[in-house]
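> First, the structure itself, so that you have it in front of you.
The values are calculated or read from the model by the stated rules, or taken from the named source; none is laboratory data. Bear in mind that the values here come from a model prediction, so they are computed numbers and not experimental data. Because the Cβ atoms are built from the backbone with ideal geometry, glycine has one as well, and the counts that use them run over all protein chains shown. For accessibility, only protein heavy atoms count, side chains too; no ligands or nucleic acids. Shrake-Rupley method; radii C 1.70, N 1.55, O 1.52, S 1.80 Å.
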Amino acid sequence: TGGLKIAFTVPTPRISEALIRKLMAEYRVHNADVIVRQDITVEDFIDVLEGNRKYVKCIYCYNKIDMVSLEFVEELWQRPYSVVVS
């Protein structure tokens, strides 16, 4: 019981078991079961450890909206991942 158990379900050329063990030690996690189900980067793994990241494909930020018509602003506002700012 205890210790780190690391399993991979896919090939992971961008991160190794040794690197995962090192990162877990840096974050003071000494007992865990880690299952990697997709090819991830070091940054992806750190984000999971910190638990404070959520990714969307992108965010479109439209600035100076006071220079276009209200109809166009409403069209921009309804687009996915869009934010309009004055």
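> For the chain, which longest stretch is free of loop sites, where a loop site is one of the chymotrypsin sites (Phe, Trp or Tyr not before Pro) that DSSP puts outside H, G, I, E and B and that has at most 14 other Cβ atoms within 10 Å?
The segment 28-54 is the longest one with no such site.
> I would also like to ask the following. With the full set of protein chains in place, find how many percent of the accessible area of the chain is carbon and sulfur; take the probe as 1.4 Å.
Ligands and nucleic acids excluded, carbon and sulfur give 55 percent.
> While we're looking at this one, here's another question. Nothing charged except the Cβ atoms of Lys and Arg (+1) and of Asp and Glu (-1): what's the magnitude of the dipole of the chain about its Cα centre? Round to the nearest 20 debye.
In debye, rounded to 20, the chain gives about 380.
> Would you grab the residues whose amide H sits under 5 Å from the one on residue 34? Only those 5+ places off in sequence or on another chain, please, with H modelled 1.01 Å from N.
Those lying under 5 Å, H to H, from residue 34 are 5, 6, 7.
> While we're here: Can you give the convex hull volume per residue for the Cα atoms of the chain, as a whole number of Å³?
Taking the convex hull of the Cα positions in the chain, it is 134 Å³ per residue.
> Based on the Cβ-Cβ distance from residue 62 to residue 37, what FRET efficiency comes out when R0 is 35 Å, to the nearest 0.05?
Efficiency, rounded to the nearest 0.05: 0.45.
> How many Å² of accessible area per residue for the chain, probe 1.4 Å?
That works out to 80 Å² per residue.
> From the backbone phi of segment 29-35, what are the Karplus-calculated ³J(HN,Hα) couplings (6.51 cos²θ - 1.76 cosθ + 1.60, θ = phi - 60°) in whole Hz, Gly and Pro given as x?
Per-residue couplings from phi come out as 10, 10, 9, 6, 9, 10, 10 Hz.
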